[in-house]
Every structure is written in C-alpha cells, then in structure tokens.
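S.K.: What follows is a structure written as structure tokens; I'll ask about it next.
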Amino acid sequence: MTTIAPTTVPAQGAEEIQDAGHVDVLIVGAGVSGIGAAHHLRDQFPDRTFVILDAQDNRGGTWWTHRYPGVRSDSDLFTYGYRFKPWRGPSIAAGEEILAYLDEVIDEDDLDQYIRYRHRVTAASWSTEDRRWTVEVTRGDTGQQLRFTAGFLWMCQGYYNHTKPYRPRWDGMDRFQGVVVHPQRWPEDLDLAGKRVVVIGSGATAATLIPAIAGKADHVTMLQRSPSYYFAPPTTHELAVTLRALDIPEEWTHEILRRQYISQYHWLARTSLEAPDELHTFLIESMRPLLPEGFDVDKHFTPRYRPWQQRIAVVPDGDLFAVLREGKASIVTDTIETFTEHGIKVSSGEEIPADIVVTATGFNLSVLGDVAFTVDGEPVDFTERVTWRGIMINGLPNMAYVFGYFRHSWTLRVDLVSDLMGRLLAHMQDKGATMVVPTLRTQDTDMQLRPWSDPENFNPGYVTRSQDILFKQGDREPWTHMLEHEQELEILPEADLDDGTLVYR
Ligand SMILES: Cc1cc2nc3c(=O)[nH]c(=O)nc-3n(C[C@H](O)[C@H](O)[C@H](O)COP(=O)(O)OP(=O)(O)OC[C@H]3O[C@@H](n4cnc5c(N)ncnc54)[C@H](O)[C@@H]3O)c2cc1C
C-alpha cells in the first residue's frame with residue numbers, strides 16, 4: 001500500500017493530531033510476540049508495509065520491563081527462542097541474553113527501521129466503509145498525538161500492564177520505615193549490602209530474585225501465603241553440550257533440543273491432567289533432597305492446587321534451595337497481618353524484620369493493551385465477546401492478537417499464530433477480500449459462554465483477579481482457547497478458514 005510512518009515527527013502542539021501514514025499491517029508491541037510477528041510477516045509477505053509501535057523506549061517487552069537482579073527465563077530457550085533462529089546458549093537464559101537474542105533477530109531482519117518506540121496506542125477504530133483501522137497514538141516523549149491507519153491490526157501487546165504492577169496494600173504500610181520495591185520497577189541503585197530483605201510471593205519472580213540477592217543482602221526471607229510448585233532442571237542440557245562438542249550445526253542442535261523439550265512439556269501437561277497426584281508427588285519428592293535436613297516440606301513446599309493449575313516455577317540447578325541450605329535465605333508461610341515500623345507481622349504473631357520489602361506479587365492483567373476499540377462507531381465491550389481460537393475476537397474485523405502459552409514457552413504459540421495469520425492473509429488475497437470478521441454461526445448463537453480461563457484448569461491470582469474484564473470463550477471449536485500446545489500443533493495448521501466462522505467481504 002502507501003506510506004510508512006516517519007521515524008521522527010516534528011514536535012507540534014500536544015493537542016494537534018498528526019497524520020502518521022498508512023500501513024498494511026500495524027503491529028502493537030515490540031516484545032517477543034511483536035518481533036516474531038514482524039519476522040513472519042516480512043518472510044511471507046515481503047511487499048506488505050508494516051510498522052511496530054511500542055509504548056516503551058526499547059525492545060523486548062517483558063525483558064525490558066523486568067530488570068531486577070537475576071531475571072531469567074523459566075522456559076528453556078530452545079522452545080522460548082523462535083523456530084527460525086537457533087539458540088546458542090545454555091537452556092535457561094538471563095534477561096539480558098534474551099534481549100541480545102532479540103537484537104540479533106531485529107538486526108538480521110532489519111526490523112529497526114519499522115519500530116517506533118514511545119508510541120502508546122490509545123484507541124483503534126474500524127471503519128467498514130474505508131476497510132481500515134484508524135489508530136490513535138500518544139508519544140511518550142513529546143506528548144504528541146498521532147494517527148495511523150492500517151488495513152490489519154496485529155496486537156502483540158502481551159498480557160499485563162507494563163506501567164502499573166499489581167501492588168496490594170497491607171495494613172500499616174505507611175508506618176514502615178524501610179523501602180518497598182516491586183520487581184517491575186526495580187531501582188537500579190538499590191543497595192542491598194547488609195540489608196534484611198523480605199520478598200513477598202512464591203512464584204517464579206521470587207524464586208529467581210532470592211538466589212540472586214541472597215549473597216548480597218544480610219538475609220532474605222521469602223514470605224508466602226501459600227506454597228508453589230518448583231522444578232530444578234540443570235541450566236545446561238547435557239544433550240546440547242554433547243551435540244555442540246561434536247560440532248553439529250547449531251540449527252540441528254536447536255531443532256533436536258526443541259523436540260526434546262517439547263516432548264517433555266507434552267508429557268508434563270498430559271500427566272498434570274491424567275495423573276495429577278503422581279505428578280504432585282514427583283515434584284515434591286524431587287525437591288526434598290535439595291532442601292536442608294528436617295525442612296518442613298509439607299508446610300512450605302506443598303501447594304494446595306493441582307500441578308499446572310498455576311505455572312511451575314523453575315529453579316535452575318536448584319539455586320533457591322542452595323541459598324536455603326546455606327542459611328542465606330529462609331521461608332515463612334503465613335498471612336500478613338500488618339506492616340510494622342521495622343518489618344512485617346504475620347498471623348502467627350512473628351515479626352519478620354525488614355529494611356527492604358520486595359512485593360513479588362505479580363501483574364495487573366491488561367486486555368489488548370488497554371486500547372479503546374470501536375467498530376463502525378460502536379465501542380467494543382470485550383466482556384461480551386468471544387475468542388476465535390485465541391487469535392481473533394468475534395465482531396472485530398481484521399484484528400488478530402498473539403497470546404502465548406502460559407504452561408509452555410510463550411513463543412511456541414507466536415510461531416503457530418503467525419503461520420495461521422500468514423494463511424489467513426494469503427486466503428484473503430486469493431478471495432479478493434479486504435475484510436475478515438469472526439462471526440458466530442446460527443448454530444453457535446446459543447453457545448454457552450465460559451470464562452476466559454476455566455479456574456479448574458488455570459487459576460493464578462492475576463488471571464482470577466481479572467476474569468470480569470476479559471472476553472470469553474465458547475464451549476466448542478473454534479471459539480475456545482488455552483488449549484495445550486500438543487493439541488494446537490495439530491489443530492492450527494489444519495484450521496479451516498472457510499468453516500463459516502470467518503466472514504469475508
Ligand atoms: C519476569 C518474567 C519472566 C517470564 N519468563 C517466561 C518464560 O520463561 N517462559 C515463558 O513462556 N513466558 C515467560 N514469561 C511471560 C512473558 O510475558 C512472555 O513469555 C513474553 O515475553 C510475552 O511477550 P509479548 O511480546 O507477547 O508481550 P510483552 O513482553 O508483554 O510485550 C508487549 C509489549 O507491548 C507493548 N504494549 C502493550 N500495550 C501497548 C499499547 N497500547 N501501545 C503500545 N505498546 C504497547 C508493551 O510496552 C510491551 O513492550 C515471563 C514473564 C515475566 C514477567
């Protein structure tokens with residue numbers, strides 16, 4: 001189509017809306033999803049124009065936002081890395097290594113010229129008459145308002161608000177004399193030396209942060225209301241070491257390790273449903289020998305939910321358990337009664353002294369980047385909408401979103417969704433269609449709508465807290481989502497684009 005938006009826009013009055021041009025595809029988000037989407041788009045449709053807008057001042061999304069000590073992946077990078085770009089490092093990677101990997105993709109695909117940082121998308125309006133989205137953007141640096149138009153909107157905005165972390169309030173916080181920090185907003189100059197640190201939370205962030213700071217602080221206490229599951233794989237996979245020592249091409253090593261990890265994930269997902277008690281026992285028993293002798297495993301490490309109803313936190317090489325053994329860190333499992341001037345008092349009456357409290361309490365979920373959508377002048381209320389395969393939404397024309405796996409590597413789904421998007425765009429071209437709208441068929445109109453996430457299946461706090469603002473899923477395909485990777489690997493490549501649920505014009 002026509003113009004690509006200019007890289008720099010001359011500063012004008014903040015109220016004036018500047019026309020920033022038209023693109024075939026407008027991608028929102030320059031994280032793992034947006035960069036992957038752009039790669040696939042360029043690869044399959046080199047002639048289509050596109051732009052990537054991101055509110056932050058740099059690439060990486062999650063890996064740019066989260067720069068607390070020790071930040072790393074939970075997933076292995078052979079599957080968290082893209083299908084198309086070999087991962088050359090150890091299985092578990094530091095945040096910086098992931099950013100460096102994304103930089104390579106940006107560089108190899110020459111994507112930098114298409115990314116506009118500090119561009120927050122605030123509104124998107126579809127016009128059927130014009131067959132295009134009008135996208136309102138506020139620049140973070142100048143406050144300027146811009147207006148892009150796009151034939152297709154590809155939302156790669158992730159699942160949580162990057163600027164407002166979830167910060168619960170507890171009694172007595174105002175009188176606390178120490179410092180309270182959130183991992184999403186880690187102060188670069190935070191001095192831990194000689195400090196008593198309490199980390200509230202027991203998820204992946206707490207499990208990552210605690211071993212990273214335990215050597216620096218005087219003592220770290222993990223304060224959890226209830227325990228989580230952990231798994232302690234080695235940072236480096238022996239098979240990768242062997243293949244690399246044999247000088248096997250990195251592409252092969254990537255593919256072999258990917259298959260190995262994927263089959264492990266599939267086993268884990270199946271077992272969590274078919275034999276949850278056995279998996280529970282396996283996870284607990286594999287932790288036990290790594291903990292100090294006589295440690296109260298039942299109290300501190302035995303979750304009340306089924307494995308994989310929430311993410312299993314990875315503890316590479318058991319580093320969290322090592323700092324517990326060494327006495328540099330300890331665990332309290334209890335509820336917070338109040339903050340005091342010098343710490344936190346829990347229900348048992350114990351007061352945990354603290355100079356620094358880290359609230360590793362998670363996210364505020366955001367629905368499609370908190371963008372205000374309208375279709376032909378009608379505001380979209382997402383709570384009344386239903387997903388099409390976890391990729392599109394009924395009644396929203398020419399809009400796809402990327403939502404990765406929670407239980408597997410997020411990126412596995414970035415590649416799969418991009419393949420489907422490629423098929424869809426090609427199909428529209430073949431049909432001469434300029435518009436595609438997921439639409440409930442007559443036989444779907446009485447479909448029972450279910451919550452975005454079935455609490456029986458997946459119920460971490462950030463999801464449970466936000467069910468009432470999220471769109472829904474139906475009780476049949478293609479109106480379902482959050483299927484397992486093993487299922488989608490079969491379903492998505494074969495998905496019928498002419499089954500009547502996608503209406504083309
Ligand atoms: C600390 C941490 C570790 C994790 N580890 C793993 C792991 O090991 N494995 C795994 O599978 N998952 C992991 N996750 C989940 C992780 O979020 C995903 O893996 C993945 O990074 C999501 O990528 P994304 O590009 O979809 O979204 P994000 O990384 O959230 O990036 C979205 C981008 O979109 C931008 N954006 C959003 N809304 C707008 C808007 N309105 N206008 C403009 N820009 C906007 C944001 O600024 C952001 O840069 C982890 C999450 C955290 C927080």
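The values are calculated or read from the model by the stated rules, or taken from the named source; none is laboratory data. Nothing here was measured: the structure is a model prediction, and the numbers come from that model. Counting neighbours? That spans all protein chains shown, and the Cβs are built from the backbone with ideal geometry, glycine included. Surface areas here come from the heavy atoms of the whole protein model, side chains and all, with no ligands, DNA or RNA. Shrake-Rupley method; radii C 1.70, N 1.55, O 1.52, S 1.80 Å.
S.K.: Quick one: in the stretch 320-359, of everything that is assigned to a helix (DSSP H, G or I) and buried (at least 19 other Cβ atoms within 10 Å of the Cβ), which residue is farthest from the ligand (Cβ to nearest atom)?
M.R.: Going through the stretch 320-359, the residues assigned to a helix (DSSP H, G or I) turn out to be 320-325.
Narrowing further to those that are buried (at least 19 other Cβ atoms within 10 Å of the Cβ): 320-321, 323-324.
On the way: L320: 15, F321: 19, V323: 19, L324: 21 Å.
Going through the qualifying residues, I end up with L324.
S.K.: Do we find that T411 is polar (S, T, N, Q), crowded, with 21+ Cβ neighbours inside 10 Å, in contact (Cβ under 8 Å) with a residue 12 or more places away in the chain and assigned to a helix (DSSP H, G or I) in this structure?
M.R.: When the stated conditions are applied, T411 passes them.
S.K.: If a residue must be touching a helix residue (DSSP H, G or I) at 6+ places or on another chain (Cβ under 8 Å) and surrounded by fewer than 19 Cβ atoms within 10 Å (Cβ to Cβ), how many such residues does the stretch 421-432 contain?
M.R.: 2
S.K.: Of all residues in the stretch 22-36, which are touching a helix residue (DSSP H, G or I) at 6+ places or on another chain (Cβ under 8 Å) and within 9 Å of the ligand (Cβ to nearest atom)?
M.R.: Looking only at the stretch 22-36, we keep the residues that are touching a helix residue (DSSP H, G or I) at 6+ places or on another chain (Cβ under 8 Å), and these are 25, 27-29, 31-33, 35-36.
Matches in the stretch 22-36: V28, G29, G31, V32, S33, I35, G36.
S.K.: So, of the residues in the stretch 370-386 that are more than 16 Å from the ligand (Cβ to nearest atom) and outside any loop (DSSP other than H, G, I, E, B), which turns out to be nearest to V436 (Cα to Cα)?
M.R.: V375
S.K.: Check L420, L412, L368 and return the single one that is touching a Gly at 6+ places or on another chain (Cβ under 8 Å) and under 30 Å from L77 (Cα atoms). Write out each step before concluding.
M.R.: Details: L420 fails: touching a Gly at 6+ places or on another chain (Cβ under 8 Å); L368 fails: touching a Gly at 6+ places or on another chain (Cβ under 8 Å).
Being touching a Gly at 6+ places or on another chain (Cβ under 8 Å) and under 30 Å from L77 (Cα atoms) holds for just one of L420, L412, L368, which is L412.
S.K.: Return the residues of the stretch 130-142 that are part of a loop (DSSP other than H, G, I, E, B) and more than 15 Å from the ligand (Cβ to nearest atom); say none if nothing qualifies. Full working, then the answer.
M.R.: Keep residues of the stretch 130-142 that are part of a loop (DSSP other than H, G, I, E, B), which gives 130-131, 140-142.
Within the stretch 130-142, D130, R131, T142 meet the criteria.
S.K.: Considering the stretch 62-103 alone, what residues qualify as being under 26 Å from L489 (Cβ atoms) and of a type in the set (D, E)?
M.R.: Answer for the stretch 62-103, where residues must be under 26 Å from L489 (Cβ atoms) and of a type in the set (D, E): D74, D76.
S.K.: Only one of E250, E238, E285 is away from the ligand (no atom under 15 Å from the Cβ), open to solvent by 70 Å² or more (accessible area, probe 1.4 Å) and either within 17 Å of F78 (Cα to Cα) or among the polar types (S, T, N, Q) (or both). Can you tell me which?
M.R.: Answer to the selection: E238.
S.K.: Right, another one. Tally time: how many residues in the stretch 159-182 are part of a loop (DSSP other than H, G, I, E, B), hydrophobic (A, V, I, L, M, F, W, C) and either touching a Leu at 6+ places or on another chain (Cβ under 6 Å) or within 22 Å of H219 (Cα to Cα) (or both)?
M.R.: 1
S.K.: Can you tell me which condition H266 does not meet? The list is (1) touching a helix residue (DSSP H, G or I) at 6+ places or on another chain (Cβ under 7 Å); (2) more than 16 Å from D74 (Cα to Cα); (3) open to solvent by 40 Å² or more (accessible area, probe 1.4 Å), and all the others hold.
M.R.: Only one criterion in (1) touching a helix residue (DSSP H, G or I) at 6+ places or on another chain (Cβ under 7 Å); (2) more than 16 Å from D74 (Cα to Cα); (3) open to solvent by 40 Å² or more (accessible area, probe 1.4 Å) is unmet by H266, namely (3).
S.K.: Just checking: which of the helices (runs of 4 or more DSSP H) contained wholly in the stretch 37-119 hold 1 or more residues that are more than 9 Å from the ligand (Cβ to nearest atom) and within 24 Å of A240 (Cβ to Cβ)?
M.R.: Numbers: elements: 62-65, 77-80, 95-108.
Correct list: 77-80, 95-108.
S.K.: Let me ask another. Among the residues that make up the stretch 61-84, is at least one of them basic (K, R), surrounded by fewer than 23 Cβ atoms within 10 Å (Cβ to Cβ) and farther than 24 Å from A214 by Cβ?
M.R.: Yes, the stretch 61-84 contains a residue that is basic (K, R), surrounded by fewer than 23 Cβ atoms within 10 Å (Cβ to Cβ) and farther than 24 Å from A214 by Cβ.
S.K.: Shifting gears a bit: Working carefully through the options D444, D496, find the one that is more than 30 Å from P86 (Cα to Cα), open to solvent by 30 Å² or more (accessible area, probe 1.4 Å) and without any contact (Cβ under 8 Å) to a residue 60 or more places away in the chain.
M.R.: Residue meeting the stated conditions: D496.
S.K.: Within the bounds of the stretch 183-197, is there any residue that is under 25 Å from Q310 (Cα atoms), open to solvent by less than 10 Å² (accessible area, probe 1.4 Å) and either touching a Leu at 6+ places or on another chain (Cβ under 9 Å) or outside any strand (DSSP E or B) (or both)? Before you say what the answer is, go through the steps one by one.
M.R.: Within the stretch 183-197, the first condition is being under 25 Å from Q310 (Cα atoms), and the residues that meet it are 183-186.
From what's left, open to solvent by less than 10 Å² (accessible area, probe 1.4 Å): 183-184.
So of that shortlist, the ones also either touching a Leu at 6+ places or on another chain (Cβ under 9 Å) or outside any strand (DSSP E or B) (or both) come out as 183-184.
Yes, there is a match, as at least one residue in the stretch 183-197 is under 25 Å from Q310 (Cα atoms), open to solvent by less than 10 Å² (accessible area, probe 1.4 Å) and either touching a Leu at 6+ places or on another chain (Cβ under 9 Å) or outside any strand (DSSP E or B) (or both).
S.K.: If you don't mind, there's one more thing I want to ask. Enumerate the pairs (first residue in the stretch 204-226 and within 16 Å of the ligand (Cβ to nearest atom) and in a helix (DSSP H, G or I); second residue anywhere and of a type in the set (S, T, Y) and open to solvent by less than 10 Å² (accessible area, probe 1.4 Å)) with beta-carbon separation below 9 Å, excluding pairs fewer than 6 apart on the same chain, so at least 6 apart or on different chains.
M.R.: A207/Y230
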